[in-house]
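Contents: one structure, followed by commentary.
The values are calculated or read from the model by the stated rules, or taken from the named source; none is laboratory data. Computed from a predicted structure; not experimentally measured. Cβ: placed from backbone, ideal geometry, glycine included. Neighbour counts: every protein chain shown.
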């Protein structure tokens, strides 16, 4: 009688055997009991199959004596990659001297040839159970089932109501208090999950560093009842601090909930939790109307488009004039990135810029904008400003490229300006200060862009050696009709003048707005009232 045989039906095995007839006979039987099989004729082939399919393979069965690389050599390489993978050695009685070495390198079980298939199946099921005890399916820190176990459970059960729980900004906690304290917080957090989601009704998992999953064991549970329990849990976490080594640490969570057959529920929770974070929702239930899949497909399309655009030169700069408020004469141009698709359509950065940043392609766009600005300065003797983020400045690779370009064009760059985005949080003023110092040595001018859009740090203005402040368009576009906006803009303008900064108003789209910023003594104006962004040839 073979016990626990059902455990084999959802596993994937790697089987390495050089003897063709034995390999074919054994494989045909294994196909009837396991989900998927990878087959190798020697140790080298087996190692390569494992490297290519590591995430899928649950168990390995291997011969010892094989050409090119023997079974023990293969096992050593595999155990270096994944020490927890269960391995069964099949060996002839005449080769039993290898068993001591096999045990030393971490083999779990062995079977003698000729193989008794009933015994092999029994050993396989025992090895998997033994591997569970060796943490193949258990998270060592929290003692919760891990992602491997979740995948197995979703494959083999009909559980369909699931919540994905993510601790917000947990990496910051690790940075502040250290990973040791971070681990203690995760352990304490998992205890809270166990407390709220009773094990007789729910099964909890730790699937990533700061991500946990909870599945209802009751398929008839109403999704909104489940949502209420999740809300109670989230509210408790936010109201109570975690005391670790004398520190009181506050946590917040985001939770995505979904219903669907097995892996479908998991896929939906992954989608909806990202959507919830984007929408600043604490808890969200997946709904097809969110069009999350379409959003993913659009993101994938734009990643391809950005890569194609960089390769084929489809990104260009458009230039919008910035005028002297009093004379209305053009003082300079701001370089703005555009994507020109194969149909000749000009596409604004709102479609692709965030995608480029998340795909780590943004530094290449900065290089393009810098080159385009230098090109306009050289060809048409115009003054040009380009945007630069704190992320750009904090990247040594990007700043090296900028300094190299400035050095190569040092007779031109006195007409180049950098606009630092105020809406992006600056975490290292020393790095920004050094960047400003470096570019100013080449004669460049530096200002703060979008001031008033973010946290409006007036202290930042006084601590950085800047030349101008660009007031965000969200304040300017209603400055002629909103007294509150007028007061804010006037405050920024007066503050700037006291410290010797020039001021620029964005989004000047009408005569009325222009008259108001002129009245407020703003130095420069930018907006459709004076001109839309145009291509190089139109400047």
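The table for this structure:
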read-out: Any pair with Cβ under 9 angstrom, 6 or more apart, that starts in the stretch 283-294 at a residue that is closer than 19 Å to residue 161 by Cβ and ends at one that is at pLDDT below 60 and assigned to a helix (DSSP H, G or I); value: 286/292
read-out: Test: residue in the stretch 155-170 that is in a helix (DSSP H, G or I), under 25 Å from residue 194 (Cβ atoms) and at pLDDT 85 or above; value: yes
read-out: Of residues in the stretch 78-111 being more than 17 Å from residue 13 (Cα to Cα) and touching a helix residue (DSSP H, G or I) at 6+ places or on another chain (Cβ under 7 Å), the one modelled with the lowest pLDDT; value: 98
read-out: Pair list, Cβ under 9 Å, 6 or more apart: the stretch 249-262 residue exposed (fewer than 15 other Cβ atoms within 10 Å of the Cβ), other residue in a strand (DSSP E or B); value: 250/242; 252/167
read-out: Checking residue 36 against (1) within 38 Å of the chain's Cα centre (by Cα); (2) modelled with pLDDT of 85 or more; (3) crowded, with 16+ Cβ neighbours inside 10 Å, the condition it does not meet; value: (3)
read-out: Hey, residue 331 within 22 Å of residue 393 (Cα to Cα) and either surrounded by 13 or more Cβ atoms within 10 Å (Cβ to Cβ) or in the same structural domain as residue 393 (by TED's automatic domain parsing) (or both) or not; value: no
read-out: Whichever residue in the stretch 372-395 is farther than 15 Å from residue 414 by Cα and part of a helix (DSSP H, G or I) and, among such residues, is nearest to the chain's Cα centre (by Cα); value: 391
read-out: Test: residue in the stretch 119-136 that is over 30 Å from residue 92 (Cβ atoms), crowded, with 16+ Cβ neighbours inside 10 Å and out of contact with any helix residue (DSSP H, G or I) (no Cβ under 9 Å at 6 or more places or on another chain); value: no
read-out: Residue ranges of strands (runs of 3 or more DSSP E) in the stretch 437-539 with at least 1 members touching a helix residue (DSSP H, G or I) at 6+ places or on another chain (Cβ under 7 Å) and more than 17 Å from residue 389 (Cα to Cα); value: 502-505, 524-526
read-out: The stretch 2-24 - residue that is farther than 23 Å from residue 75 by Cβ and either touching a helix residue (DSSP H, G or I) at 6+ places or on another chain (Cβ under 9 Å) or buried (at least 18 other Cβ atoms within 10 Å of the Cβ) (or both) and, of those, modelled with the highest pLDDT; value: 9
read-out: Matching residues, the stretch 30-60, being touching a residue at least 40 places away in the same chain (Cβ under 8 Å) and in a helix (DSSP H, G or I); value: 53
